[in-house]
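The values are calculated or read from the model by the stated rules, or taken from the named source; none is laboratory data. Keep in mind that what you see is a predicted model, and the values were worked out from it rather than measured. Reconstructed Cβ throughout: ideal geometry from the backbone, glycine too, with neighbour counts over all protein chains shown.
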Amino acid sequence: MTTKPNIIGISALYHDAACCILKEGQLVAAAEEERFTRIKFDPSIPQHALRYCLREAGLSIADIDCIAFYEDPQKKLARQLWSGVVNKEQIKQEQNFNKAEKEIRQILGFEGPIRYYDHHLSHAASTFYFSGFEDAAIFTVDGVGEWATTTYGTGEGKDINLFEEVHFPHSLGLLYSTITSYLGFRVNNGEYKVMGLAPYGVPKYEQEISQLITSLQDGQYELNLPFFDFIKGKRMYSDLLPELMGRPARKRESAIEQFHIDVAKSLQVVLESILIEKANYLYEKTQSPNLCMAGGVALNCVANGKILKNSKFEKLFVQPASNDAGGALGVATLAHVDLSGETPQKKAMKNVYLGPGYHSNDVIKLLKATNINFENYSEDNAAFLGETAKRLAEGKVIGWFSGRMEFGPRALGGRSILADPRNPRMKDRINAMVKKREGFRPFAPSAILEKVSEHFEIDHPSPFMLETCQVISKLELPAITHVDGSARLQTVSEADNRPYYLLLKAFDALTNCPILLNTSFNIRGEPIVCTPEDALKCFITTDIDCLSIEGIIIDRNQNNFDLLRIMLLNDQVKNSGIQHDVYTFV
Amino acid sequence: MKTRKEKANALAELLMAHPKEDKAIDHLLADLQINDPISKQNDSSSKSFNKPFNDSKMIGIWEPKFRNGQKLYQRKREMQPSWSFWASIHEIPPKSIKKRVLLLGESVARGYFYDPLYSVAQELESVLNSSGEFNGIEVIDLAKTSMGIDELGLLVDACADLNPDAVVLFAGNNWIAKLAEELNEEDILKIKKVYSEDNFTGVKEFLENKFAEIIEEFFDKVKQLSRNERIPITVVIPGFNLLDWKSNEIERIFSQQSGRSLQDWVHLRSQAEQALLDKDYQTLGTTAEQMIALDASNPRGYELLATSFLEKGQIQQAIDCLDFSKDTTILSRSRKTKPRCFKVVREILEKEAREAGMEIVDLFSIFNNAFPKSISGKELYLDYCHLSVKGIKMAMRYTALALIKGLKQKTLDIDELVDSPERLSPSTEAMAHFCAAIHNAHYGQEEEILFYHCQRAVNLDPGIAEVIKQYIDFSTRKTSTILCNSFGEIIMDGAIRQYEGGFALLHPRGEKLMDIELINASIRALQSIGEDCEDIVRQLRIQEHGVNQQGVELLESPYQMTSYNTFSLGKENGFLQVRSPEKTFYFVSNAKEDLSFQLVYRNPNFKKEDQWIKIFVEDKSKLLTQIKACKDWTNHNFDLPASQLKKGVNQLIIEWPCDLVLNTNSQGMVDEFLENLFPVVGEIYSLVAKTKPIGY
């Protein structure tokens, strides 16, 4: 290959389907499929995300040298056969077990080479190649990929070497998900809630949870399998787990009692303990001062902080898209290394604004079709920021839509809901008006990088909201301070996100508070908004006070959304009554 | 001794390999104790009719209540999301001294496009009361939009509780959906076998036989109601708009006919359509016959042949042709083919009802007999099956005759019945026609029929112009309809209640149409009453859709979809597949700047080198460029000078070579079978139009 290749990375067909593009080694775009289809955690082969990535890169499908897929279908099939989740009839009927290939060929239409990489290698690459470290120890932990559930490795230059794996069914991710399920939350969705619940509890059930897992030599550990029932893929735990815990499982949406909170805390303590132990093992093996982490468990920011504090590692990089979506970044870089012999990315990942962006003209065109009153500051950015900051200072909740959409599960000032963190009622207010989520879950702060140390116990940037730290501010910040005095902080620099940084500055100028509450711009159960239309629909159907979108401000006070709101709610239920279109034999 | 994990790894390797080693696979399956699934329980419910209102005490959305010791029926609150599909009646009172007739049926029996301002039940009651034969008679409206055969079966089972003196069953358009549900894997294998031996004719026969069984099973319930409750039943067999509902672009895509060339069919079609333009009906007839001989599954041949018969005054032959054309959709190419009463439905209903001694109102025959020198069309129908006021009135007069016969044992002549006094306001009729124009447009009908309905609308009530202009506004904008102010105003006014409260105007995400032909037809109709908005529309189109420097992707719905019809395959591809010899794209220009186009295309089934794809601008007389057919994705850029553009909507027509390599040996199931049956001629991943900077 004479020039550097153009590579598409894909993660799909389980959950969090995503796509990214490396144009001659440069990460140009990445997005989750759910943002386009509006189906949360959409696992479909990411045809819409791919189309977006190509457009952003100015390339066509004919210009792509390779598609890299984040799993090895054969190994995954082997694990499924071992588990017994496929039966003989299914096996006999299936012509092609490589669903990834089938869909890449048929649905994406790609006719070039497809390269497959192991799931955990994809996670490893997604963190190491974007860490900016020349060498590092690599630690990946999630539910399950093919066989591996945890891996230990090293990265040096362009080489990644995973030297040890823990295999399914032994899995820290599945342990966490099992207790998540026992506590009445959805698997692959409710793990954040368990993490948020933990600080309210005491580890009264540490001993019981510890019985579920045994640490073994080196990096190994084992689940005490009689307590689990996920192997057949039907349910997560066996009848022995409620017996061990002395209580039946919590029913979904029923009251959360102190018992459940203490179980969550106990789980967190056990998880941290084993992660710290295994991280120390990894340090002993690698002696590298740098640690790279990825995989769903690496999104447990409380645990990450403890690892750094309780191991000899000096620096930690966690891939911001540590869930399966991030696997797309990993495989693309792996394929790049294989095809070009070079690492694609030498510097640390600075930001995750890799999704679609829109111009203020697009927004104006949209709004002109409606009867919505709006203020157009697209020619006067200072006024726009000032007006937005003024509303925030008045206690209003703002839908903030600015620049390109974030890649990964966190809203980082591209598609965010913002509010004044000093207001003691703000958490309840946002929960009531839009998020509709459990009251115990904390909201996170964004703060100006230069002033962060005045308010938080942290001495380095945290641009991806992947670390917790103690709040030390003289200001009262009840809306973003967790029960244990911690906060999951995002630091914002001018270089990373100028519009958001300037908004924080404008808010600081008005209030002497360089911090904003920042939560993702979506309604419960829906993906984060992607387009101006998505933002407008979300704004109308919730009680957010104001939408600040690419230089334009829409204030609820200046509009009556009653009819639009009814119509949008109706639209979700019914599109047409004439439903009997003829289907013949298909 | 291998571990279970090692065996699983080995089996996975074998399963992923091509070709497969069956023996070794079976051995490892046994070794790993991977068995057949626990056999499915005999689920009797899967055979019986589904239960959309699974409560034997309910009648549709109404539940029994007692007041003063009398049983009546009230709408159940929990069924509120379904209320809009039924008549807007909150309570069905206990039976009074009046005779009671129940009307059971689907949207055609609701009076779609008029409901809730006028309904079929209302008309029937009015005719019966005007007949002077009854000392009070009421018609209870139990018709439901989108009623399927299962739900109708439940209604038939339950309706005797309303103590009817007679029941009218006016349904049959929606039943094909049940055939699709009932077909199992074994049937699909049989269809493939029959197709290989006897082509479409055999498949059609197989499916019709299967369909007949479904209808007979349903009709057993109707007979049971008649027999057990001694209720006279009148069966109204729906008609179809043979003359003015044409097959759409998707329904006309060509199919693979083994051993014959697709090119021959394409050539014949061009010849026939040219003969039609030339009014050479002799050539049209012979060419259309050749088209049918080559592809009996394609409705286009029958439609063209019918035109030839019609022009020659051979009415019955034309009717037969169009009836056959309508039924070709049993082997559907389109996922959105609209409801219809297939000949097999008509025949089974007629046979079963006759044998059971029921009264029959065969609208297919009645309407055709009403126009001895032509075929029933837009005068009686607003779309494929929904009737115009005239159609409803005619149908209900015959239904009243049948009811009088059933209830009074009295045979009257149609002329002995007086007209019902039901009169619609011009605005209601006008709105029905405009809504019909929209519905016709959204399901692929041609501009002339759209214009007919728009024209009728403005003639009936010039006041409808405001609604039409609002429709033009939100339809032309890129913003989702639901957010558009002009749409909100229509909803607020309640002006378009007759089209599902206006919500039928909403579009699926990412599938908004530009409605070019409908808007053009609307503009013409408005011009006829002195309202000229052509320039305003042109400006709005340029503002919303004009090609610019950033580029417009012509694969987006406004630029390549002209209706909601889509090909039948279950999967949605990330690129456009073309199954017709040509595909038209629409783009909007201010005609001041030159344009450049970036096309990414391939021809997966092309046969030989040196085949060319031709690209025309505006019509097929203006060849812009031609490019080589190519198996793999290929980028191709071409320019279009401003001098060849017009201000407003322009067309780019891509003509594909149709000499294809066809796979006649399909191993897969439904999707692959259809892929092969209806082959792809070309695929487009992207087609972006951009303005070129001035002085480039």
Scan segment B:434-452 and tell me whether some residue there is crowded, with 22+ Cβ neighbours inside 10 Å and under 26 Å from B:Val127 (Cβ atoms). yes
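Would you confirm whether any residue within segment B:345-358 is within 14 Å of another protein chain (Cβ to nearest Cβ), touching a residue at least 24 places away in the same chain (Cβ under 8 Å), part of a loop (DSSP other than H, G, I, E, B) and closer than 14 Å to B:Trp175 by Cβ?
No: segment B:345-358 contains no residue that is within 14 Å of another protein chain (Cβ to nearest Cβ), touching a residue at least 24 places away in the same chain (Cβ under 8 Å), part of a loop (DSSP other than H, G, I, E, B) and closer than 14 Å to B:Trp175 by Cβ.
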Positions within segment A:261-289 being under 20 Å from A:Leu162 (Cβ atoms), surrounded by fewer than 22 Cβ atoms within 10 Å (Cβ to Cβ) and out of contact with any Ser or Thr (no Cβ under 7 Å at 6 or more places or on another chain), in sequence order: A:Tyr281, A:Glu284, A:Lys285, A:Gln287, A:Pro289
Within segment B:52-63, is there a residue that is away from chain A (no Cβ under 11 Å), modelled with pLDDT under 90, surrounded by fewer than 13 Cβ atoms within 10 Å (Cβ to Cβ) and in contact with an Asp or Glu (Cβ under 7 Å, 6 or more places away or on another chain)? yes
Counting only residues that are surrounded by fewer than 21 Cβ atoms within 10 Å (Cβ to Cβ) and not polar (S, T, N, Q), which one in segment B:305-318 is nearest to B:Lys246 (Cα to Cα)? B:Leu310
What number of residues within segment A:137-159 satisfy the criterion of being within 17 Å of A:Ile231 (Cβ to Cβ), among the aliphatic types (A, V, I, L, M) and not in a loop (DSSP other than H, G, I, E, B)? 1
Kindly indicate whether any position in segment A:545-553 is closer than 30 Å to A:Lys474 by Cβ, of a type outside the set (A, V, I, L, M, F, W, C) and either assigned by TED's automatic domain parsing to the domain that holds A:Met405 or surrounded by fewer than 24 Cβ atoms within 10 Å (Cβ to Cβ) (or both). yes
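If you go through segment A:264-284 one residue at a time, do you hit one that is under 17 Å from A:His460 (Cβ atoms), modelled with pLDDT of 95 or more, of a type outside the set (Gly, Ala, Ser) and out of contact with any Pro (no Cβ under 6 Å at 6 or more places or on another chain)? Walk me through it before giving the result.
Taking segment A:264-284 and keeping what is under 17 Å from A:His460 (Cβ atoms), we get none.
The answer is no; no qualifying residue exists.
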Across segment B:505-525, what is the number of residues that are among the acidic types (Asp, Glu) and either under 23 Å from B:Gly488 (Cβ atoms) or touching a Lys or Arg at 6+ places or on another chain (Cβ under 9 Å) (or both)? 2
Could you grab me the full set of residues in segment A:160-184 that are outside any helix (DSSP H, G or I), more than 20 Å from A:Pro242 (Cβ to Cβ) and not aromatic (Phe, Trp, Tyr)? A:Ile160, A:Asn161, A:Leu162, A:Glu164, A:Glu165, A:Val166, A:His167, A:His170, A:Ser171
When restricted to A:Leu50, A:Leu22, the only residue away from every other protein chain (no Cβ under 13 Å) and on the phi < 0 side of the Ramachandran plot is A:Leu22
Can you list the strands (runs of 3 or more DSSP E) found entirely within segment B:542-646 that contain at least 3 residues being at pLDDT 95 or above, in the same structural domain as B:Asn676 (by TED's automatic domain parsing) and touching a helix residue (DSSP H, G or I) at 6+ places or on another chain (Cβ under 8 Å)? B:582-589
Considering only segment B:611-623, state which residues are surrounded by fewer than 18 Cβ atoms within 10 Å (Cβ to Cβ) and of a type outside the set (Ser, Thr, Tyr). B:Gln611, B:Trp612, B:Lys614, B:Glu618, B:Asp619, B:Lys620, B:Lys622, B:Leu623
Within segment B:265-306, count every residue that is among the aliphatic types (A, V, I, L, M), farther than 16 Å from B:Gln317 by Cα and touching a Cys at 6+ places or on another chain (Cβ under 9 Å). 1
Subset of segment A:2-19 (residues that are in contact (Cβ under 8 Å) with a residue 12 or more places away in the chain and either within 14 Å of chain B (Cβ to nearest Cβ) or surrounded by fewer than 24 Cβ atoms within 10 Å (Cβ to Cβ) (or both)): A:Thr3, A:Lys4, A:Pro5, A:Asn6, A:Ile8, A:Ile10, A:Ala12, A:Leu13, A:Tyr14, A:His15, A:Ala17, A:Cys19
Taking segment A:131-142, which residues are out of contact with any Lys or Arg (no Cβ under 8 Å at 6 or more places or on another chain) and surrounded by fewer than 23 Cβ atoms within 10 Å (Cβ to Cβ)? A:Glu134, A:Asp135
Residues B:Gln577, B:Gln543, B:Gln550: which one is within 20 Å of A:Leu366 (Cα to Cα) and in contact (Cβ under 8 Å) with a residue 40 or more places away in the chain? B:Gln550
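So that you can scan it fast, the table gives a plain yes or no per residue for (1) basic (Lys, Arg); (2) assigned to a helix (DSSP H, G or I); (3) at pLDDT below 95:
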{"residue": "B:Pro421", "(1), (2), (3)": "no, no, yes"}
{"residue": "B:Ala430", "(1), (2), (3)": "no, yes, no"}
{"residue": "B:Asn440", "(1), (2), (3)": "no, yes, no"}
{"residue": "B:His453", "(1), (2), (3)": "no, yes, no"}
{"residue": "B:Arg456", "(1), (2), (3)": "yes, yes, no"}
{"residue": "B:Ile464", "(1), (2), (3)": "no, yes, no"}
{"residue": "B:Glu489", "(1), (2), (3)": "no, yes, yes"}
I'm told A:Gly109 meets every condition in (1) under 25 Å from B:Lys2 (Cα atoms); (2) within 7 Å of chain B (Cβ to nearest Cβ); (3) in a loop (DSSP other than H, G, I, E, B); (4) not polar (S, T, N, Q) except one. Can you identify the failing condition by its number? (1)
Suppose we filter B:Ser388, B:Ser376, B:Ser332, B:Ser365 for residues that are among the hydroxyl-bearing types (Ser, Thr, Tyr), within 14 Å of chain A (Cβ to nearest Cβ) and within 24 Å of the chain's Cα centre (by Cα); which single one remains? B:Ser332
Among the residues of segment B:401-410, is any in a loop (DSSP other than H, G, I, E, B) and within 22 Å of B:Leu102 (Cα to Cα)? yes
Among the candidates A:Ile448, A:Ile430, single out the residue that is buried (at least 17 other Cβ atoms within 10 Å of the Cβ), among the hydrophobic types (A, V, I, L, M, F, W, C) and modelled with pLDDT under 95. A:Ile430
Selection from segment B:489-501 of residues at the interface with chain A (Cβ under 9 Å from one of its Cβ atoms) and out of contact with any Ser or Thr (no Cβ under 8 Å at 6 or more places or on another chain) yields B:Glu489, B:Ile491, B:Met492
Counting only residues that are surrounded by fewer than 20 Cβ atoms within 10 Å (Cβ to Cβ), touching an Asp or Glu at 6+ places or on another chain (Cβ under 7 Å) and touching a residue at least 12 places away in the same chain (Cβ under 8 Å), segment B:379-390 contains a total of 0
Count, please, the residues in segment B:157-200 that happen to be surrounded by 22 or more Cβ atoms within 10 Å (Cβ to Cβ), under 26 Å from the mean Cα position of the chain (by Cα) and more than 14 Å from chain A (Cβ to nearest Cβ). 3
Residue satisfying condition, being basic (Lys, Arg) and within 14 Å of chain A (Cβ to nearest Cβ), within set B:Arg340, B:Arg230: B:Arg340
Filtered residue count, segment B:647-696, keeping only those that are within 12 Å of another protein chain (Cβ to nearest Cβ), at pLDDT 95 or above and not in a strand (DSSP E or B): 0
